[in-house]
Amino acid sequence: MSKRPWCFDLDALQSFVTGIELGSFAQAADRLGRSTSAVSAQLKKLEQQCGVALVEKSGRHLVPSRQGEVLLGYARRLLALNSEAALAVCGETLSGPLRVGMQEDFGERLLPAVLGAFSRAHPEVQLTARIGRNAELLRGITAGELDLALCWQWQQSTPWMASLGSVPLCWIGAQPGDVMRFRQTHTPLPLVMFEAPCLMRQRATEALDRAGIPWRIALESRSLQGIWAAVSAGLGVTVRADAGLPENLHRLDAATLPALGDAGITLHQGSAGLTDAALSLKKQICHELALKINPAT
């Protein structure tokens, strides 16, 4: 007879995923409302099932082992599917139009899975999404064209906005040694940026000015894809959060360029009273960001 296949415990998988994302299983226990010993026992059970170590030490943090990385991907998919199934079978029936906008940094990688799961779980909701820059999205909020908009926190505020935390900004280039390569030419540092006004552009130029480092705008783009393409081509460096960093680009050594600080994330809503569908999606966005973007909160 063939060996009976394993049945992974979803609670144990949740503890494993949360512990890896937070870099600490003690923090995972606190986040999940469980004891540290219970989370440790769940991790041990998973390792016994798999027959391999799933985590290893890296400095003061725990990171997944090679086999742990494999399980991590499947665990996230299983948990997402479980949540989607629970919403579809046991969740309230939601319907009606729902209009959501998001900044490109969030739209490319973070939220497609959230919006996809929400749409599948609530097929009677007519969900439409818009990806754009802050100014465009906030115009949509104030004009009543959007119910929710996920933006970088900068100059403009709206009556019903909520802060969802912050993420560190970083210098990004095609190669780890890009800054030294550019500086060796004794020419201004080439920057690849969005057209002004732009939070990242302002942070970069102000930081370079304070440090006395000359700079020039090598390329202006209207899209994030244009920025990534120009940086990949070696035309210059840029500034973003690394949440949606393409795999072929690199964070640059912080010692070679001035610090940039953090960028806040805000969720704007078009009115004080949201529909049930908008409230449900808002909760899912806040939960996803708490885990993926700012896990320390």
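The values are calculated or read from the model by the stated rules, or taken from the named source; none is laboratory data. The shown structure was predicted, so the numbers you read here are calculated from the model rather than taken from an experiment. Reconstructed Cβ throughout: ideal geometry from the backbone, glycine too, with neighbour counts over all protein chains shown. To get the accessible areas, we keep the full protein, side chains included, count just its heavy atoms, and leave off ligands, DNA and RNA. Shrake-Rupley method; radii C 1.70, N 1.55, O 1.52, S 1.80 Å.
Every condition in (1) part of a loop (DSSP other than H, G, I, E, B); (2) in the same structural domain as Ala272 (by the TED database) holds for Leu137 except the one numbered (1). Quick one: would you say Ala255 is at pLDDT 90 or above, open to solvent by 20 Å² or more (accessible area, probe 1.4 Å) and outside the structural domain of Leu148 (by the TED database)? The answer is no for Ala255. For beta carbons closer than 6 Å, sequence separation of 6+ or different chains, a first residue in the range 263-286 that is within 23 Å of Ala80 (Cα to Cα) and a second that is among the aromatic types (Phe, Trp, Tyr) and open to solvent by less than 50 Å² (accessible area, probe 1.4 Å), the qualifying pairs are Leu281/Phe118. Would you tally the residues in the range 79-134 being modelled with pLDDT under 85, among the hydrophobic types (A, V, I, L, M, F, W, C) and farther than 30 Å from Phe194 by Cα? Number of matching residues: 12. For residues that are among the hydroxyl-bearing types (Ser, Thr, Tyr) and touching an Asp or Glu at 6+ places or on another chain (Cβ under 8 Å), scanning just the range 220-243, find the one that is most open to solvent (accessible area, probe 1.4 Å). Residue satisfying both the conditions and the ranking: Ser223.
Within the range 65-82, residues that are under 14 Å from Glu21 (Cα atoms) sit with their Cβ atoms under 9 Å from residues that are open to solvent by 80 Å² or more (accessible area, probe 1.4 Å), at 6+ positions apart or across chains, in these pairs: Ser65/Glu56; Gly68/Glu56. Checked against the criterion of being of a type in the set (Gly, Ala, Ser), open to solvent by 40 Å² or more (accessible area, probe 1.4 Å) and in contact with an Asp or Glu (Cβ under 9 Å, 6 or more places away or on another chain), the range 208-219 contains not a single residue that satisfies it. Taking first residues from the range 37-48 that are touching a residue at least 24 places away in the same chain (Cβ under 8 Å) and partners that are assigned to a helix (DSSP H, G or I) and open to solvent by 60 Å² or more (accessible area, probe 1.4 Å), the Cβ contacts under 7 Å between residues at least 6 apart in sequence or on separate chains come to Gln42/Asp11.
The numbered conditions (1) part of a helix (DSSP H, G or I); (2) in contact (Cβ under 8 Å) with a residue 12 or more places away in the chain are all true for Gly234 except (1).
Based on this model, can you work out whether Met180 counts as modelled with pLDDT of 90 or more and not assigned by the TED database to the domain that holds Glu104? Spell out the reasoning first.
On the way: modelled with pLDDT of 90 or more: no; not assigned by the TED database to the domain that holds Glu104: yes.
No, not satisfied.
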